[in-house]
Amino acid sequence: MSASTTAPAALSAVSRPARRAWIDARLAQLGDGMRRYGWVLRAVQWLIIAVYAVLVIVPALLPLPDNAAHIWTNLTLAAQFAFWGIWWPFVLLSMVLVGRAWCGVLCPEGALSEFASRWSRGYAVPRWITWQGWPFLAFAGTTVYGQMTSVYGYPKPVLAVLGGSTLAAIVIGLLYGRNKRVWCRYLCPVNGVFAVLSKLAPISFQVDRAAWAASPKPARGAEAFNCAPLVPVKTMRGSGACHMCGRCSNHRGAVRLALRSPNHEIVHVAGTEPDFNQTVLILFGMLALAVGAFQWSASPWYVEAKQWAATWLIERGVTWPLEMSAPWFVLTNYPDRSDVMTLLDGGLLLAYIGAATVILGLVLSGIVALATISLGGWSLRRFHHLTQTLIPVAGCGVFLGLSALTVTFLRGDGIVIPYVSEIRAGMLGGASLWSVWLAWRVAGLDAHGLRRAAATTCILGAAILSVVNWVLMFWIW
């Protein structure tokens, strides 16, 4: 082979490490800039808080928009689109791209909780707050309550859900910790989902433990950083709890913002930190409950169940469940819009979401358990680790469920996004392949050959089941 044909390959091999070093250097500078100009970030947070307050409060005080209103002419519709068409779906996407930068740099709720914490009573954080089941329970509660009150379509439920959550964050800040985000660390309804998705981010703040240990201990009175979300930075290995605020950047010459493989944390860290609560959140929350919550209104099974239940009740002379409703803050109740949920509607909604949560969660758990056994016997640690490989397909499903609102809002104003079906299919296919690749990598840590292939095939089955649920919603129903 001539020198002319080998030179480009050699240059490429040399340039790859050089490019990586250049990118890491720029990221480290960005992290240091976030620390140095933290006051700018906090000024941006207050600007976002002002916009957030207007969008949450003002629409609830205005009359509902008429049929001639548009997103660009009506504040209520603009707020609905901002929250449910842009904010939530793309905040979720940002977790996969840049970690929890939203939490540390932009989130109004976290900023208000930390601000209130300046005047905190300083009480010790009680055990009920640190209970590890909150990520799933808070996610499930807000998701189901949002469906019951039609939070995506009306401003008063937005005020109740988002405004109530923000008020609770402020109260927690006034009671516990000092200059901390106790609410964000333990009670935020999306904390668990954000922690799970951020494991896939290709950038994170990383700690060099050797450099930390070798650096001189800071002198007493020297400036130290405040980790508001209570992360033990010295021992931090993953990015799930880090809010990416940059305050710890270059601390003791050991913390820096840098590139990493999007697969690294799932493959090499998650298995050493098995988390039962994250397993429940992934299998029963993101892959099951979220499906039921997004799916029920389009499901023919829900309609059939409602018809059967109504017929059964009428035949027995019981009509009050079909006639009685509840206040808007319990069940959707807007008679002037012909949008009223009866007690039967509400009960069947809860039953549908509950059935989806239990059935899908158990089936998926069984599939992951089979994958675990395929690797050579039962191991709870391995079960939790294999569950983590489903994060890409789980996150993709939740994103597509929320982004369906984006499409609906725009279509209502005559704006049609081209190739929506193709984009959805591509994302589901890509996320499934990512989960399968992660499963192959994780399975390879414990087994090879047929055992590794069998475990990976099981995770493929779990991914296919998840995709089928969204296919029903987007293409069949």
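The values are calculated or read from the model by the stated rules, or taken from the named source; none is laboratory data. Note that this is a predicted model, so its numbers are computed, not measured. Because the Cβ atoms are built from the backbone with ideal geometry, glycine has one as well, and the counts that use them run over all protein chains shown. The accessibility values were calculated without ligands, DNA or RNA, using every heavy atom of the protein model including side chains. Shrake-Rupley method; radii C 1.70, N 1.55, O 1.52, S 1.80 Å.
Listing for the model above:
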{"item": "Number of the condition not met by F225 [criteria: (1) part of a loop (DSSP other than H, G, I, E, B); (2) at pLDDT 90 or above; (3) surrounded by fewer than 21 Cβ atoms within 10 Å (Cβ to Cβ)]", "result": "(2)"}
{"item": "Of all residues making up the range 424-450, the number that are closer than 29 Å to G146 by Cβ, aliphatic (A, V, I, L, M) and either within 20 Å of the chain's Cα centre (by Cα) or open to solvent by less than 20 Å² (accessible area, probe 1.4 Å) (or both)", "result": "3"}
{"item": "T406 buried (at least 18 other Cβ atoms within 10 Å of the Cβ), in contact with a His (Cβ under 9 Å, 6 or more places away or on another chain) and of a type in the set (S, T, Y)", "result": "no"}
{"item": "Conditions (1) in contact (Cβ under 8 Å) with a residue 24 or more places away in the chain; (2) not in a loop (DSSP other than H, G, I, E, B); number of the one not met by I71", "result": "(2)"}
{"item": "Enumerated helices (runs of 4 or more DSSP H) restricted to the range 318-413, each holding at least 1 residues that are without any contact (Cβ under 8 Å) to a residue 24 or more places away in the chain and closer than 30 Å to T456 by Cβ", "result": "343-374"}
{"item": "Among (1) part of a helix (DSSP H, G or I); (2) open to solvent by less than 50 Å² (accessible area, probe 1.4 Å) - the single one L93 does not satisfy", "result": "(2)"}
{"item": "Filter result for T272 (surrounded by fewer than 20 Cβ atoms within 10 Å (Cβ to Cβ) and of a type in the set (V, I, T))", "result": "yes"}
{"item": "Subset of the range 307-348 (residues that are aromatic (F, W, Y) and more than 31 Å from the chain's Cα centre (by Cα))", "result": "W308, W312, W320"}
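Per-residue answers, yes or no, for (1) at pLDDT 95 or above; (2) part of a loop (DSSP other than H, G, I, E, B); (3) in contact with a His (Cβ under 6 Å, 6 or more places away or on another chain):
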| site | (1), (2), (3) |
| --- | --- |
| K234 | no, no, no |
| G238 | no, yes, no |
| A241 | no, yes, no |
| R252 | no, no, no |
| L257 | yes, no, no |
| I266 | yes, no, no |
| A270 | no, no, yes |
| P274 | no, yes, yes |
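Condition check ((1) open to solvent by 20 Å² or more (accessible area, probe 1.4 Å); (2) at pLDDT below 95; (3) closer than 27 Å to P202 by Cα) across all residues:
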{"position": "N67", "(1), (2), (3)": "yes, yes, no"}
{"position": "I71", "(1), (2), (3)": "yes, yes, no"}
{"position": "W84", "(1), (2), (3)": "no, yes, yes"}
{"position": "V144", "(1), (2), (3)": "yes, no, no"}
